[in-house]
1. Determine which member of the set 476, 453 is closer than 27 Å to residue 402 by Cα, at pLDDT 85 or above and in a helix (DSSP H, G or I).
2. When both residues are 6+ apart or on different chains and their Cβ atoms are under 9 Å apart, which pairs have a first residue that lies in the range 360-378 and is closer than 14 Å to residue 419 by Cβ, and a second that is part of a loop (DSSP other than H, G, I, E, B) and of a type in the set (A, V, I, L, M, F, W, C)?
3. Identify, please: which residue in the range 77-119 is surrounded by 21 or more Cβ atoms within 10 Å (Cβ to Cβ) and touching a Ser or Thr at 6+ places or on another chain (Cβ under 8 Å) and is, among those, nearest to residue 59 (Cα to Cα)?
4. Hey, among the residues in the range 125-143 that are of a type in the set (D, E, K, R) and touching a residue at least 60 places away in the same chain (Cβ under 8 Å), which one's farthest from residue 109 (Cα to Cα)?
5. Give just the number: which of (1) of a type outside the set (A, V, I, L, M); (2) surrounded by 14 or more Cβ atoms within 10 Å (Cβ to Cβ); (3) closer than 18 Å to residue 49 by Cα; (4) modelled with pLDDT of 80 or more does residue 135 not satisfy?
Amino acid sequence: MRTISPALTRPIMIVGGIVGTALVFALLVLVFTSWKSLLLVDPVRNHVHYLGQIYETAHQAQELLFRHISSQPPPTEAEVEAVRAKLADLIEKDHNLDPGTGPGLTNARNALGAFSSQPGAALVAALSEIREILKNESAAEANLIDQMHENARWEQRIAIATLIGLPLLAGLTFIILRGRILSSLNRLSELLERLGNRDYAPAFINTSDGDLQPVLESYNALVNRLAVAEAENTRRRDELEAQVRAATRTVLQQGRALAEADRLASVGETSARIAHELRNPLAGIELGLRNLRIDCEDADACPDQSLHDRLDPMIGELQRMSRLLTSLLEQGRRMPEPPAKINLAACVHETAMLARYQTPEAITITTSVGEGLDCLMPRDTLRQVIFNLVLNAVQAVGEMTGTIEIKAEKEGEHLIIQIIDNGPGFPSEILELGPRTFLTRRPGGTGLGLTTVRRLVTEMGGEMALANRADYGAIVQLRLPCRIAHA
């Protein structure tokens, strides 16, 4: 199995590699700066809470000093111990940014230890230490925030540089490699256009093709196989066309043979009727001659013996004529075609295709049959009926532009088939009297087509109705019994 040529993939891989590398580098820088900012954010967050507790402690110490100086109730030992406990907790947390905060908090706590002996001096000393701590911690926090701001600015610069630099880098790389990419694509486009025009000539390969050479070799192998397949397809198409032409000639010959057979059948039907009508009087004549011969056996009743001798040949000849008439009646009988399971849509479509081969191009044949309509009925008889009706419609339309539509639908337990054309329509005699042999207005016609169809439809247990369209054309409607074909 061949892989895609490097001539097509390498430029894309180069562009993708450069852009991908730059993108990964920019992302790594962003991740590093974000990580560094996160390292700074956590201490700031902790320090804000820590600084708030220091402010709260300073506020309590200041309130105790104010109460000591004013005339309000003086601070108690318990309140001072509460402040000292908070200072001890702050010393234990150790979230300070300035290294002098820890010793300062210790000094403030120790100063409050002398509250019982010198309350004013202890509160002033502790409050002074706490205020110094607040000043130093605020300065340290400001420096940390400045550092975070600087990091954020660097992140912004990197993001802007990535946003502008990556497209520029990709565009510059593509411009450099565009000539190589476009030349390969133009060459392939030209080859594909040749394929679209069924030009299976191999592509010329030279040393300058480089990485495109495997693609061209694959193309040459492909066009060689396509040329062989095209030749085989042409041969098979010619064979199929020859088979279709042969099948069409066979159908036409069968149609002419059926027409001749129907003509002979009409003559045979007339002969059979005559034979049927002659058999009865011939039987009476034979019976009379037999009685006459019996009477002649009495010598007195038959004066001429030669008359008696002539009766036997006459009776024998009458018997031979009766046998001939009986044989003629036997030959006139038709064996009906047994029913078979057929798909009506496929049957109508195939029959219409055969009829198209002897239909002028100006005439269009369309079919409208629902799918899944299966019936038990004589397949060949149905095809012959539809084929004859379509050919009659084609002959009626003649050389002018026309349409012939075959429609079929299920109606209860019957199948309704209509052949509709836009020809001149049926003569009034045919609409009034029905199809008759040799009753036609078409030059060279015999009228056998419709009579044959009517006979076949009657043998199938159906009915045929003729009508003219309101505007222009004829309609032949067949109503046939349709038994459901179970699988």
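The values are calculated or read from the model by the stated rules, or taken from the named source; none is laboratory data. These numbers come from a predicted model, not from an experiment. Positions of Cβ are generated from backbone atoms using ideal geometry, with glycine treated the same way; all protein chains shown enter the neighbour counts.
1. Exactly one of 476, 453 is closer than 27 Å to residue 402 by Cα, at pLDDT 85 or above and in a helix (DSSP H, G or I), namely 453.
2. Qualifying pairs under 9 Å: 363/400.
3. Per the stated criteria, the residue is 83.
4. This residue is 141.
5. Residue 135 satisfies every listed condition except (2).
Rundown of residues vs (1) modelled with pLDDT of 70 or more; (2) among the basic types (Lys, Arg), yes/no style:
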| site | (1), (2) |
| --- | --- |
| 328 | no, no |
| 333 | no, yes |
| 337 | yes, no |
| 371 | yes, no |
| 378 | yes, no |
